Structure formats: C-alpha cells, structure tokens
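Just so it is clear, none of the values below were taken in a lab; they were calculated from the coordinates. Predicted, not measured: the structure shown is a model, and the values here were computed from it. With ideal geometry, Cβ positions are generated from the backbone for all residues, glycine too; neighbour counts draw on all protein chains shown.
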C-alpha cells in the first residue's frame with residue numbers, strides 16, 4: 001500500500017518551508033502543487049502542522065473523517081482551537097481564539113480555502129511588516145464577511161488571528177500585522 005505524499009516527512013518539510021516563506025512575505029502566493037501529490041493545499045498544510053498536541057476546529061466540515069486519525073489533532077471548539085479549517089465561500093459563523101494580552105501567541109491560525117488565488121474579482125491592497133511598500137492580492141471565492149470579521153478580530157492588537165488562504169495548489173499568508181484594504185472596481 002502506497003502512502004499518500006502529504007503524510008511523508010519529506011513532503012511535509014517542503015510544505016513547512018513554503019509556510020515559513022508565506023508568513024515572512026505576507027500576500028505573496030506560494031505554489032505547493034508540485035510537491036503535494038494531487039492533494040488540495042489546505043489538506044497538505046493540515047498534514048504538515050497537526051500532531052497530537054494541537055487543537056483543531058472544523059466548523060465547515062473541511063476535514064474528511066478518515067483524515068482525523070492521521071492528523072492526530074485534538075478536535076476543539078473554535079473559540080479554544082489553535083487552528084481552524086474553514087471554507088472561504090461561507091460566512092465566518094464562529095469566534096476563533098484571539099489570545100490574551102499575556103499570551104497573544106494563542107490567537108488562532110485560520111486556514112481558509114478559497115476558489116482561486118492570484119486572479120479574480122476580489123482585489124486587496126496589503127501593507128505592513130514583511131511587505132515592501134504595498135502588495136496587491138487578487139482572489140476568488142472569499143465571502144465578504146471574512147474581511148469585516150478579520151478587522152474585528154485583529155482590532156485589539158496584539159490579540160487576533162493569522163489567516164492562511166489556500167486554493168487547490170497555492171497558499172498565501174495574512175498575519176494579524178498585515179493591513180488589508182479591499183479595492184473596489186479593480187480587476
């Protein structure tokens with residue numbers, strides 16, 4: 001029986017390096033399709049980041065039941081989970097962990113699957129640490145409530161959440177320090 005690539009250590013190391021690059025350069029799209037063996041990017045990221053000590057919420061049913069034992073993550077309610085897997089086409093109908101003033105690092109990382117990164121009707125202008133000046137990000141398949149809710153969640157910095165958007169084969173990070181402005185009428 002052949003092990004699916006995303007569960008192998010060498011693939012997970014490559015995905016992890018791409019995650020580090022994505023969070024170091026917010027808004028930069030990182031291609032991981034060449035190493036994830038046909039799996040979708042969100043699933044490959046989960047396979048890379050999860051272990052028996054991590055809490056994970058799945059409010060939109062993104063995770064297949066057969067993957068839970070392989071992930072080894074502890075299922076949790078959104079408000080307590082370190083990671084949340086979400087569908088970007090749906091409105092965010094949950095409250096993630098935002099951390100505390102003593103421990104802001106306990107704010108959740110929300111992994112949001114969208115239709116397409118790099119092109120689409122949604123245009124975002126990004127500024128902040130890790131971005132030289134400004135950067136534009138185009139995407140498709142993100143419910144407009146995500147941007148409003150994210151603004152609320154990061155409004156009491158250093159509390160907040162970090163977002164990791166993904167489509168089938170690409171990822172892009174939007175840490176809580178990134179300022180996001182939606183550009184209207186830009187394609």
A chain fully extended from residue 136 to residue 80 at 0.36 nm per residue, minus the present Cα-Cα distance, gains in nm 17.0 nm
Between (1) 15.7, 48; (2) 15.7, 51; (3) 17.6, 69, the structure-derived Rg and Dmax of the Cα atoms in Å is (2)
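So if each residue of separation counts as 0.36 nm, and I subtract the Cα-Cα distance between residue 10 and residue 103, what length gain in nm does that give?
30.3 nm
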Only helices counted: for the chain, with every DSSP H run of 4 or more residues adding -39500 (n - 2.57) and the sum spread over all residues, [θ] at 222 nm is -6000 deg cm²/dmol
Between the alpha carbon centres of the range 93-119 and the range 135-187 the gap in Å comes to 10
Footprinting proxy, 76, 24, 166: sorted fewest to most Cβ within 10 Å, the residues are 24, 76, 166
Here the relative contact order (percent) of the chain, from C-alpha pairs under 8 Å and at least 6 apart, is 24
Per the Cα gyration tensor, the range 54-125 corresponds to an equivalent ellipsoid with semi-axes, largest first in Å, of 23, 19, 10
Compactness check, the range 96-187: C-alpha Rg relative to the 2.2 N^0.38 Å globular estimate gives 1.07
Rounded to the nearest Å, the spacing of the alpha-carbon centers of the range 1-21 and the range 27-47 is 9
